[in-house]
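Encoded as structure tokens, the structure appears first; notes follow it.
The values are calculated or read from the model by the stated rules, or taken from the named source; none is laboratory data. Since the model is a prediction, treat every value here as computed from it, not as a measurement. Glycine also receives a Cβ, built like all others from the backbone with ideal geometry; neighbour counts cover every protein chain displayed.
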Amino acid sequence: MNADDALVILAALAHPTRLAAFRLLVRHEPDGLSTGQLVEASGLSQSTFSTHLAILVKAGLVKTEKRGRQQIQRVNIDALRGLMVFLAKDCCEGRAELCEPLLAELTCC
């Protein structure tokens, strides 16, 4: 991932509705949620929410899968991983032990 890719992703997440939707999808990975479930959780109209969802999809954070009649939204784990690695890669001047608390927090729950 390069800086431009990271900025697109961060900009997509820089809105309360999109951040909440993304975090909800992270919690429901790998099954994902239907678009209707996301709309209901957001409390927004379908058209308003679809604008936010389109931004997440365009940034590469969310993938859409068709299951029967439903559109299932899932997190693009590779994009999430890429952003996390990009943000932390040069951390602490190569002193990996300083990142251990972060790693422990990610694995504890």
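If Ala14 satisfies every condition in (1) loosely packed, with under 13 Cβ neighbours inside 10 Å; (2) closer than 25 Å to Ala3 by Cβ; (3) at pLDDT below 95 but one, which is the exception?
(3)
It is to be established whether one or more residues within the stretch 60-79 are within 30 Å of Ala96 (Cα to Cα) and free of Cβ contacts under 8 Å to residues at least 24 places away in the same chain.
yes
Restricting to the stretch 42-66, what's the tally of residues that are in contact with a strand residue (DSSP E or B) (Cβ under 8 Å, 6 or more places away or on another chain) and either among the aliphatic types (A, V, I, L, M) or surrounded by 15 or more Cβ atoms within 10 Å (Cβ to Cβ) (or both)?
6
Looking only at the stretch 17-33, decide whether some residue is of a type in the set (A, V, I, L, M), touching a strand residue (DSSP E or B) at 6+ places or on another chain (Cβ under 8 Å), in a helix (DSSP H, G or I) and surrounded by fewer than 15 Cβ atoms within 10 Å (Cβ to Cβ).
yes
Quick one: Val57 ticks every box in (1) without any contact (Cβ under 8 Å) to a residue 60 or more places away in the chain; (2) touching a helix residue (DSSP H, G or I) at 6+ places or on another chain (Cβ under 6 Å) except a single one, so which number is it?
(2)
Could you count how many residues in the stretch 43-95 are under 15 Å from Ala20 (Cβ atoms), part of a loop (DSSP other than H, G, I, E, B) and either at pLDDT 95 or above or touching a Leu at 6+ places or on another chain (Cβ under 8 Å) (or both)?
Summing the residues that are under 15 Å from Ala20 (Cβ atoms), part of a loop (DSSP other than H, G, I, E, B) and either at pLDDT 95 or above or touching a Leu at 6+ places or on another chain (Cβ under 8 Å) (or both) in the stretch 43-95 gives 1.
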